[in-house]
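The values are calculated or read from the model by the stated rules, or taken from the named source; none is laboratory data. What you see is a predicted model; the values in this text were computed from it and never measured. Neighbour counts run over all protein chains shown; Cβ positions are idealised from the backbone, glycine included.
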Amino acid sequence: MNDTPGWASPGSAPSNGESSGVPQPAEPVDGASSKWSQVQPPPGQWSAPTGPGPVPPAPGWGGGGAHGNWGRPPAAKPGVIPLRPLGVGEILDGAVSTLRAHWRTVLAVTVSVSVVTQIVSILVERYLLPEPPEVDPNATPEEALQQSVESLQASLIAMGPALLITLIGTLLTTALLTVVISRSVLGRSVNLPEAWREARPRLPHLLLLILLLPVGSALIMSVGILPGVLIGGAGVFLSVLGGIAAIVVVIWLMVRFALAPPALVLERQGVIASLRRSAKLVQGAWWRIFGISLLTILLAFLVSMVIAIPFTIIAFAVDGVGLSDLFSGNGPEFGWAFLIITGIGSVIASSVTYPISAGVTALLYVDQRIRREALDLELARAAGISGYGDQPRGNHSAGG
């Protein structure tokens, strides 16, 4: 493993003129030729070291929490996480610890991206989007149905630019923050130019990956709903069933490929190879990753609401828009003051939630590789911890 956060296979030498400081592609682990570790943990549970007395920990080892009890050897902790299988709380704490330890770099990334995306969103919403169709409260049922279709079309058109801007913002923050988090695992600092230099070559591949996932999801939803729509009135029930089945399939695939972005950035995989890599790492742990990802989404949503609600209330007061205007036939006409104030709230919320979401995804990737491939041995060597792996070790699949 290299000392840089690319985490290439041990023994891989630079090629094509690349310097040894640049992470190289990791070797595939699909077969028995995996070289991630020559020292694989023996089967069984954690056990106390044999001998007349306890073996002193190697220099640089920190407290091991629960793994430091019951006679178990403590885990090395060169950075924000202990190098052992992680619990849910440790993954969340590691993401928050990265935000605290590298707040200058993290905020430089998130604030810059959030400000740019919010400015573009406001300008697009103000000048490029068409006016929403007027709603006639006295319309006949046929006219009301037509108005609903037109409103839905307008909403979809309005979501297009916003979704594209969000994808670009997610692309940049995911790439840069994954590099920052990979360094923080080793206890190393990184500034914004260094993170950009390492992440920039992966941006085209990451863009394809981020675009591929929602496009694939949309196709799956279309396949599930379209047959019932084509049948007509009698196919409404079929469309509902197909839509529910499509949602289940989309959720399953999203969790299965959840670790593809960190695999693409840190292992320098291609798009298809990173999807396969994620599927292999998630195999057998789907429900665990689903639960942690869902918990992270809920926490990010709550944090966003706590931050956004005060700004929204202030924006309503400054802009002179009342709650009654929201339920009027054509909706309120928001002014610049409303858009700017709510935009500031969105920037602050994104600056907090982006690092946590990206941190949890990257640390889930690290955790799965520790459990399956003894990646902690390579991380400890890269962090300069001597003697790691010499003591008896338990099964990596243990742990919360």
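General observations
- Condition broken by Leu302, with the remaining ones in (1) surrounded by 14 or more Cβ atoms within 10 Å (Cβ to Cβ); (2) more than 19 Å from Leu212 (Cα to Cα) satisfied: (1)
- Qualifying residue in the stretch 331-344 (condition: surrounded by 14 or more Cβ atoms within 10 Å (Cβ to Cβ), out of contact with any Phe, Trp or Tyr (no Cβ under 7 Å at 6 or more places or on another chain) and at pLDDT 85 or above): yes
Quick grid of which residues meet (1) surrounded by 15 or more Cβ atoms within 10 Å (Cβ to Cβ); (2) modelled with pLDDT of 85 or more:
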site	(1), (2)
Ile122	yes, no
Pro130	no, no
Ser155	no, no
Val180	yes, yes
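- If you go through the stretch 225-257 and keep only what is within 30 Å of Gln269 (Cβ to Cβ) and part of a helix (DSSP H, G or I), you end up with Ala246, Ile247, Val248, Val249, Val250, Ile251, Trp252, Leu253, Met254, Val255, Arg256.
- Qualifying residue in the stretch 259-266 (condition: farther than 20 Å from Leu167 by Cβ and in contact (Cβ under 8 Å) with a residue 40 or more places away in the chain): yes
- Among the residues of the stretch 226-254, those that are among the hydrophobic types (A, V, I, L, M, F, W, C) and modelled with pLDDT of 85 or more comprise Leu241, Ile244, Ala245, Ala246, Ile247, Val248, Val249, Val250, Ile251, Trp252, Leu253, Met254.
- Condition met for Ser324 (out of contact with any Ser or Thr (no Cβ under 7 Å at 6 or more places or on another chain), at pLDDT below 90 and not in a helix (DSSP H, G or I)): no
- Residue match in the stretch 253-263 (condition: within 18 Å of Arg369 (Cβ to Cβ), of a type in the set (Phe, Trp, Tyr) and crowded, with 16+ Cβ neighbours inside 10 Å): yes
- Among the residues listed as Gly63, Gly89, Gly68, the single one being under 30 Å from Arg371 (Cα atoms), at pLDDT below 80 and either surrounded by fewer than 14 Cβ atoms within 10 Å (Cβ to Cβ) or of a type in the set (S, T, N, Q) (or both): Gly63
- Cross-chain or 6+ apart pairs with Cβ under 6 Å, the stretch 364-391 first and surrounded by fewer than 23 Cβ atoms within 10 Å (Cβ to Cβ), then at pLDDT 85 or above and among the aliphatic types (A, V, I, L, M): Ala382/Leu186; Ala383/Leu186; Gly389/Leu377
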